[in-house]
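Asker: Attaching a single structure in structure tokens format; questions to follow.
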Amino acid sequence: MAGTYIYWISTTLLSALYLMSAFVYVTKTAWVRETLTGLGYPTYLVPFMIVIKVAGVLAIVSRFNVAISDLAYAGILYHLLLSGMAHLGVRKPARAVPAVIGLALLAASFTTQNTARDIPSPYTPAAMR
């Protein structure tokens, strides 16, 4: 029962983090473009990232396909790692905090998903035993 609570709380918070981020990308586009440029990323990524962030949340929450859901977890993992490293790379560690929080939420959500969902993922640590 605790695993189910951990799953839904961490998944909800992770989803909120990503949806708020997508909202910021939509509403403060100039600031986001400036920030991405400062990190060394091209600005044409902004619309792509908006779609990917929302699609990742939808894939995990709806879980219409376990393989797609697991792919969304992997994509979010890479995004959070690269985001955190980019901020650390430009010597702005405080801006890496959301990525660290996101990684903790992602780990909790991913490792407890089989306790809360009907169709198990074959890639969680418990399923690998």
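Every number in this text was worked out from the coordinates using simple rules, so none of it is lab data. The structure presented is a predicted model; accordingly, all values stated were derived computationally and were not measured. Every residue, glycine among them, receives a Cβ derived from its backbone with ideal geometry; neighbour counts consider all protein chains shown.
Asker: Can you pull out every residue in segment 108-129 that is without any contact (Cβ under 8 Å) to a residue 12 or more places away in the chain and either among the β-branched types (Val, Ile, Thr) or surrounded by 14 or more Cβ atoms within 10 Å (Cβ to Cβ) (or both)?
Answerer: none
Asker: Scan segment 62-95 residue by residue and report those that are closer than 14 Å to Leu106 by Cα, crowded, with 16+ Cβ neighbours inside 10 Å and among the aliphatic types (A, V, I, L, M).
Answerer: Ala72, Ile76, Leu80
Asker: Inside segment 47-61, can you point out the residues that are surrounded by 16 or more Cβ atoms within 10 Å (Cβ to Cβ) and more than 19 Å from Thr12 (Cβ to Cβ)?
Answerer: If the condition is that a residue be surrounded by 16 or more Cβ atoms within 10 Å (Cβ to Cβ) and more than 19 Å from Thr12 (Cβ to Cβ), then Met49, Ile50, Ile52 are the ones that fit.
Asker: Also: With respect to the numbered conditions (1) closer than 20 Å to Tyr5 by Cβ; (2) in contact with a Leu (Cβ under 8 Å, 6 or more places away or on another chain); (3) loosely packed, with under 12 Cβ neighbours inside 10 Å, which one is the sole condition not fulfilled by Pro42?
Answerer: Exception for Pro42: condition (1).
Asker: Looking at segment 1-15, which of the residues that are exposed (fewer than 15 other Cβ atoms within 10 Å of the Cβ) and among the polar types (S, T, N, Q) is farthest from Val61 (Cα to Cα)?
Answerer: Thr4
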